[in-house]
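The structure under discussion appears below in the form of structure tokens.
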Amino acid sequence: MFDRLLVSIVFLLIFSFSSAQEAKVNGHFAGDSIQLGKPISFFLTARYPQNQTVLFPDSTFSFAPFEFQNKKFVPTETKNGISYDSVIYTLSTFEIDSLQILKLPIFTVQEKDCTAVYSNPDTVVFSKSLKTLPDSVQIAKLPLKTNTNYLNVSWLLNYPLVSIILGVLLIILIVCWIIFGKIIIRYFKIKRLSKKHQAFLQLFNAAVERTQAGFSSQSTEAVLLIWKKYLENLVDVPFTKFTTKEIRETESDDRLGQSLSAIDRMIYANQPGEKHHFVNLKTFSEDQFYKKLEKLKNG
């Protein structure tokens, strides 16, 4: 009999000690009703042993049917080995259920896991902001006003969107220039070189035809000057300032040298010469053109 009484006393002491060690959680709303989208406070308090670690729900926790907005901690108070914690949650709802219930847990940290201890559930009443119209009022008799006049709304430019589009276009242009820049530059150089060569041929051929139609030292000198100016721009050598002797020393082309000497006699002796001397000048300029064109294509 005494043994049974001793066991009962020990069991009661253990139960009382374990009950004292359990966390107590309480939760309640700041008001009795809530409106759509309007904030409401929910108080969550916990009483637990001082040597125990507890965690409160944060923004990652599901507060359904409510939505989390923010939270505020109240500093912990400890008396006689018991700690008191409190958190104020600001919530809102976009549900239209008449009654909306919420209970929240705290998590006691154990050696290997966490244990959830829930508060008591609390209820709020959903309050409609739009009141129902009286039955005696008919829709046809509502004091509605109509206005079909055109309302001129000022156009607003979406600057952030425009900035993003311009930024993307700028990046695309920079990337395209980095990849294709040399190709584009080479293309326009070749196009400009070919255009100048065609213009030279038309001008040179027309001048030669005038010389052949009616010879004069002036028309012959004009042909030579057209050729020298073109070559000067083509190969970057001052041909317009060179004499025939200096050109022959610069260019080791016997046929060219002979044609230049023959053209000098036409100019200074005022004697007509053969057309093939002008053809030799044209051939030399075309050779220089194709050399530079090939250099651009391979560069």
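Derivation of every value follows stated rules applied to the coordinates shown; laboratory data play no part. Quick caveat, the model's predicted, so the values are computed rather than measured. No Cβ is skipped: glycine too gets one built from the backbone with ideal geometry, and neighbour counts run over all protein chains shown.
Quick notes on this structure:
- Per-residue [θ]222 nm for the chain (sum of -39500 (n - 2.57) over DSSP H runs n ≥ 4, rounded to 500): -16500 deg cm²/dmol
- Annotation: the residues SER83, SER261, sorted from fewest to most other C-beta atoms within 10 Å of their own C-beta, follow the order SER261, SER83.
- Over 22 Å [Cα-Cα, region 22-102], rounded percent: 31
- Over region 159-299 - Rg/Rh using Cα atoms and the Kirkwood inverse-distance radius: 1.25
- Pairs of lysine residues in region 20-127 that meet both criteria, 8 or more places apart or on different chains and Cα atoms under 17 Å apart, total 4.
- Shown in residue order for region 84-91 are the 3J(HN,Hα) couplings computed by the Karplus curve 6.51 cos²θ - 1.76 cosθ + 1.60 at θ = phi - 60°: 10, 10, 8, 10, 9, 9, 9, 10 Hz (x for Gly and Pro).
- Sequence-separation-based contact order of region 186-298, relative, with Cα cut under 8 Å and 6+ spacing, percent: 31
- Nitroxide proxy distance, nm - points 7 Å out along Cα→Cβ at ASN270 and GLN218: 1.2
- Identified option (computed Cα Rg over 2.2 N^0.38 Å; candidates (1) 1.23; (2) 1.13; (3) 2.60): (3)
- Computed extension gain for ASN158 through LYS245, at 0.36 nm per residue and net of the alpha carbon distance, reaches 24.2 nm.
- Integer Hz, Karplus 6.51/-1.76/1.60 couplings in order for region 108-120, x for Gly and Pro: 8, 7, 9, 5, 10, 7, 10, 10, 8, 10, 8, 7, 5
- Projecting label points 7 angstrom from Cα along Cα→Cβ for CYS176 and ASN26 puts them 7.1 nm apart.
- Kyte-Doolittle at least 0.0, axis length at least 15 Å by Cα - qualifying DSSP helices, the chain: 2-21, 159-213, 217-235
- Approximate spin-label separation LEU166-ASN298, in nm, with each point projected 7 Å along Cα-to-Cβ: 4.6
- Pairwise FRET efficiency - GLU111 versus LYS72, Cβ, R0 = 35 Å, nearest 0.05: 0.70
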